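These notes concern the structure reproduced below.
The values are calculated or read from the model by the stated rules, or taken from the named source; none is laboratory data. From a predicted model like this one, the values you see are computed outputs, not experimental measurements. Cβ: placed from backbone, ideal geometry, glycine included. Neighbour counts: every protein chain shown.
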Amino acid sequence: MSNIVTAAIVQTAWTGDRESMTKLHEDYVEQAAAKGAQVMCFQELFYGPYFCQVQEAEYYEYAESIPGPTTERFQALAATHNMVLVLPMYEKEQEGLLYNTAAVIDADGSYLGKFRKTHIPQVKGFWEKFYFRPGNLGYPVFDTAVGKVGVYICYDRHFPEGWRALGLAGAEIVFNPSATSRGLSSYLWKLEQPASAAANMYFVGAINRVGIEPLGDNDFYGTSYFANPRGQFVGEVASDQDEELVVRELDLDQIREVREQWAFYRDRRPDMYGSLAAD
């Protein structure tokens, strides 16, 4: 029996307004469905600009409840195309409680839950503590129609502990929706996530946006890709400038194969790691 999952990610540029950006992603779902995609993830804060380049309270307007209007809109689309969807959004739990969050929708359109970004940067061009509280939901793994799916968001990728927590919880595919720009992080983009895929012996989908947005001079460099449990790219890496839909076949049987060969989880020594959790 085949254990191949057709997975999609998409990198886009800011269209200029929320509704056209949302509609663009609906169109990409249609395109991915036509290519046989069974699961798809969008980029970080997908329906808006990357407003964290500035610190302005007006951008709190982009926050909404999860589940809520956007979640429901894509629940219908997921059910229509029998596709698992991961939607990175700006979440308002209540006034003053705002998170950088990804909602997970199953292929029948049911809402499965959400992950909240755990590690929040506060440096020039990435003023995220102005907008988001640190996530407090741990590292959930969602049992979907395509298998066990986890989410880690952008800056989280620099911290190996969450990658490991997702693997130990059974994740087979982990998506990392991001908004990352040229500069110091560029070489890390193709290093950290394949390394995390190899260290945890699962698939990783790495998604970035493209272009320079009016709010700042961050040049988002795309290069979205999938990495397999050996840390190798699955097919070509996407463009560093252009919008692109990436659809790849992921053979989940590779997870068992690699774990039997490398046995990293077998040989872990959690009894020796207590000091790592100390302040």
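If Val174 passes every condition in (1) part of a helix (DSSP H, G or I); (2) touching a strand residue (DSSP E or B) at 6+ places or on another chain (Cβ under 7 Å) but one, which one does it miss?
Against the list (1) part of a helix (DSSP H, G or I); (2) touching a strand residue (DSSP E or B) at 6+ places or on another chain (Cβ under 7 Å), Val174 comes up short only on (1).
When you look at Glu19, is it modelled with pLDDT of 95 or more, more than 16 Å from Leu112 (Cβ to Cβ) and surrounded by fewer than 23 Cβ atoms within 10 Å (Cβ to Cβ), yes or no?
yes
Has segment 36-48 got any residue that is of a type in the set (A, V, I, L, M), out of contact with any His (no Cβ under 8 Å at 6 or more places or on another chain), assigned to a strand (DSSP E or B) and under 20 Å from Val174 (Cα atoms)?
Yes, because at least one residue in segment 36-48 is of a type in the set (A, V, I, L, M), out of contact with any His (no Cβ under 8 Å at 6 or more places or on another chain), assigned to a strand (DSSP E or B) and under 20 Å from Val174 (Cα atoms).
For segment 254-274, give me each residue that is surrounded by 12 or more Cβ atoms within 10 Å (Cβ to Cβ) and closer than 27 Å to Val39 by Cα.
Answer for segment 254-274, where residues must be surrounded by 12 or more Cβ atoms within 10 Å (Cβ to Cβ) and closer than 27 Å to Val39 by Cα: Gln254, Ile255, Arg256, Glu257, Val258, Arg259, Tyr265.
Hey, among the residues in segment 252-279 that are among the polar types (S, T, N, Q) and without any contact (Cβ under 8 Å) to a residue 12 or more places away in the chain, which one's nearest to Glu172 (Cα to Cα)?
From segment 252-279, those among the polar types (S, T, N, Q) are 254, 261, 275; that's our starting set.
Adding the requirement that they be without any contact (Cβ under 8 Å) to a residue 12 or more places away in the chain leaves 261, 275.
On the way: Gln261: 17, Ser275: 28 Å.
The qualifying residue nearest to Glu172 (Cα to Cα) is Gln261.
Consider Ser186 against the criteria (1) buried (at least 24 other Cβ atoms within 10 Å of the Cβ); (2) among the small types (Gly, Ala, Ser); (3) at pLDDT below 95: it satisfies all of them except one. Which criterion is unmet?
Looking at each condition in turn, Ser186 falls short on (1).
Going by the conditions given, is Ala195 at pLDDT 95 or above, in a loop (DSSP other than H, G, I, E, B) and of a type in the set (A, V, I, L, M)?
Spelling it out, it is not the case that Ala195 is at pLDDT 95 or above, in a loop (DSSP other than H, G, I, E, B) and of a type in the set (A, V, I, L, M).
How many residues, within segment 58-113, are among the acidic types (Asp, Glu), surrounded by fewer than 15 Cβ atoms within 10 Å (Cβ to Cβ) and either touching a residue at least 40 places away in the same chain (Cβ under 8 Å) or in a strand (DSSP E or B) (or both)?
0
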